[in-house]
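Reading through the structure tokens given below for one structure.
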Amino acid sequence: MNHPIIPIAVIDASRQKKRQTPKGRPVEPAALADVQALLGTASRQPDLLIEHLHKIQDRYGCLRAAHLAALAQEMRLAQTEVYEVATFYHHFDVVKEGEAAPAPLTVRVCDGLSCEMAGARDLLDRLPALLGREVRVLAAPCIGRCEQAPAAVVGQNPISNATCERIAEAVDAGAVRHLAEDFIDLARYQANGGYTLLAQCVSGERDIEAVIKTMEDSSLRGLGGAGFPTGRKWRIVKAEQGPRLMAINIDEGEPGTFKDRVYLERDPHRFIEGMLIAAWAVGIEKIYLYLRDEYHGCRTLLEAELAKLRASPPITRMPEIELRRGAGAYICGEESAMIESIEGKRGLPRLRPPYVSQVGLFGRPTLEHNFETLYWVREILEKGADWFAGQGRNGRKGLRSFSVSGRVKQPGVKLAPAGITIQQLIDEHCGGMREGHTFYGYLPGGASGGILPASMNTIPLDFDTLQPYGCFIGSAAVVVLSDHDSAVGAARNTMQFFKHESCGQCTPCRVGTAKAAHLMAQPKWDLQLLADLSLVMRDASICGLGQAAPNPIDCVVKYFPQELN
């Protein structure tokens, strides 16, 4: 058969036409207009992808394929990149072609351990029928209100000590968020000497080397969980070639932890001043605050107080401060995953080295800190290193903010000496156990910190003291169990959490948490298989999630064998 000869010019024109056609889904003009109106004059730089996805989600209640395609074109990103980021985070509702949009209002009921112990499961069972089809009810991982268990979020409004009736009222009328009665705004903070110390630093009245030395001598360590010495971190990052950046972790996703939220709701400028002093000492050019999406009220007050600070800066050259919004991903509490998220990507932990102090945010040396670590900077510099270091018990140094929840009479944030024991914490700071409850066990460091029996109630609670027992203090999230609870039940709850929150990047964690949850759900545990699984997860997982996830399993087997018989 003879084939017609097509002129080369026609072939080239055809190829050129194909190259001009965008790959992926065609962009609908109406959707593009929607996205352009939402973004307005805001920058289209790639690291703002998550911020722009939030704008679409907030406006339309979901992320439709048409809007994702339009956003990709507007930001000059591949549609696949936008889609994979949008589907990574729990708080984005991606609606595929032909799917129905979610209900107009979402109620998230926390099913973390403290809330489960307080009756969250009953709320989840009853609410769908009570609220009807116009309200979507979801089980959610810890929302950082463990002292108010059970807790829920109606839309973006938190409900403390939630009941079906209180949630229904909030759905009908909308919950009202109030500032804490003891909230310290900018004017009140400055009236009590706030930002005087920062001004002294910037003016040269205080020497950089002396400030860093004081932080080193104070023994203050990172209070987000890792416990790295603060002064040493400042010195390490300062030695790196500039420009240097700072990233502040206020994601606080560890089940049982809520201390950062409590301090932020009451005294945000104490943290901000500490942050600015650290920026001055290390030579930071720009600061990024990463705040978890569940803390909507905190975001509102922080935006307002930062706006006041920018309008009336306490120093002449204040670093630029940018507030970034998380989107529901526990893994972003890991420092490198948080940095990936700030850059507008999926929150996947990085392999190290290099460390973030060397190659961090946007490839620059980055000083990464937890909120509470910086909260203490002002007081340490004003009162001296010896004041803070001299606060501990049982040979330990410093103060710790314990987030205590569970079966105690008075849950909440308890400021106590480092090295206090669990029994002393319960008796001296929590009013003892609740009526009708006998102390049975405790989680000293949140979901990943392991589980210990009440008989082991004399161990000092601090960094490095719990590791010999297969546990760690982490961010000092203490969940107290009573004889109404079981260690097996607590371990199952935590493993379900890890299964839900694994980022999926590495097989040992992605498959291991799912397999462990399945094995732990059985009436009789396969101890040998669980032991093998635990070993693989610890040795081969990329980050701390997979490495620490087996802690509750191993602790139950070691310290609560009676529950497995």
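Is the chain best put as rounded, prolate or oblate by its Cα gyration tensor, with a ≥ b ≥ c the root eigenvalues, rounded for a/c under 1.5, and otherwise prolate when a/b is larger than b/c, oblate when not? Let's see the in-between values first.
Working: a/c = 1.60, a/b = 1.23, b/c = 1.31.
Oblate shape, in that a/c is at least 1.5 and b/c is the bigger or equal ratio.
Under 8 Å for C-alpha pairs, at least 6 residues apart: give me the relative contact order for the chain, rounded to a whole percent. It would help to have the intermediate numbers written out before the result.
Numbers: 1034 pairs, mean separation 69.6, N = 565.
With pairs under 8 Å counted, the relative contact order is 12 percent.
Accessible area of the chain with a 1.4 Å probe: how many percent of it is carbon plus sulfur?
On the way: 12380 of 24220 Å².
Looking at the chain in its full context, I get 51 percent from C and S.
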field: LEU123, LEU564, reordered so the largest accessible area comes first (probe 1.4 Å)
entry: LEU564, LEU123
statement: Per its Cα gyration tensor (rounded if a/c is under 1.5, else prolate when a/b beats b/c, else oblate), segment 429-479 is best filed as prolate
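Please compute the net charge surrounding PHE258, taking Lys and Arg as +1 and Asp and Glu as -1 over other residues with Cβ under 12 Å from its Cβ.
Working: positive: ARG145, LYS259, ARG261, ARG292, LYS414; negative: GLU147, GLU252, GLU254, ASP260, GLU265, GLU294, GLU372.
Taking every Cβ under 12 Å from that of PHE258, the sum is -2.
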- line: What the Cα atoms of segment 226-335 span along the principal axes, largest first and in whole Å, is 36, 34, 21
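What net charge do the residues around MET433 carry, taking every other residue with its C-beta under 10 Å from that of MET433, with Lys and Arg at +1 and Asp and Glu at -1?
Numbers: positive: ARG407, LYS409, ARG434; negative: ASP427, GLU435, ASP483.
Surrounding charge for MET433 is 0.
Using a 1.4 angstrom probe, figure out how much accessible area the chain has per residue, in square angstrom, rounded to the nearest whole.
Values: 24220 Å² over 565 residues.
Counting only protein heavy atoms, the per-residue value for the chain is 43 Å².
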field: Protein-only accessible surface order, largest first, of MET275, MET117 at 1.4 Å
entry: MET117, MET275
Relative contact order %, segment 411-565, counting alpha carbon pairs below 8 Å whose residues are six or more apart: 23
task: Enumerate the aspartates and glutamates that LYS558 could reach by cross-link, defined here as Cα to Cα under 18 Å, with residues fewer than 8 away along the same chain left out.
output: ASP485, ASP526, ASP532
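Show me 485-496, 205-216, 254-265 ranked by packing, highest mean number of other Cβ atoms within 10 Å first.
Peptide ranking by packing, descending: 254-265, 485-496, 205-216.
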- request: Take every Cα pair under 8 Å in segment 300-372 that's 6+ residues apart, average their separations, divide by the length, and report that relative contact order as a whole percent.
  value: 18
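Using a 10 Å cut-off on Cβ atoms, rank the peptides 74-81, 58-65 from the highest mean neighbour count down. All intermediate terms of the calculation are to be shown ahead of the outcome.
On the way: 74-81: 15.0, 58-65: 16.5.
In descending order of packing, they fall as 58-65, 74-81.
Leaving ligands, DNA and RNA out of it, rank TYR355, TYR330 by accessible area with a 1.4 Å probe, largest first.
On the way: TYR355 115, TYR330 40 Å².
From most exposed to least exposed: TYR355, TYR330.
The values are calculated or read from the model by the stated rules, or taken from the named source; none is laboratory data. Everything numeric here is computed off the predicted structure, so don't read it as measured data. All Cβ positions, even for glycine, are placed from backbone atoms using ideal geometry, and neighbour counts span all protein chains on display. Heads up: the accessible areas ignore ligands, DNA and RNA and are worked out on the full protein's heavy atoms, side chains in. Shrake-Rupley method; radii C 1.70, N 1.55, O 1.52, S 1.80 Å.
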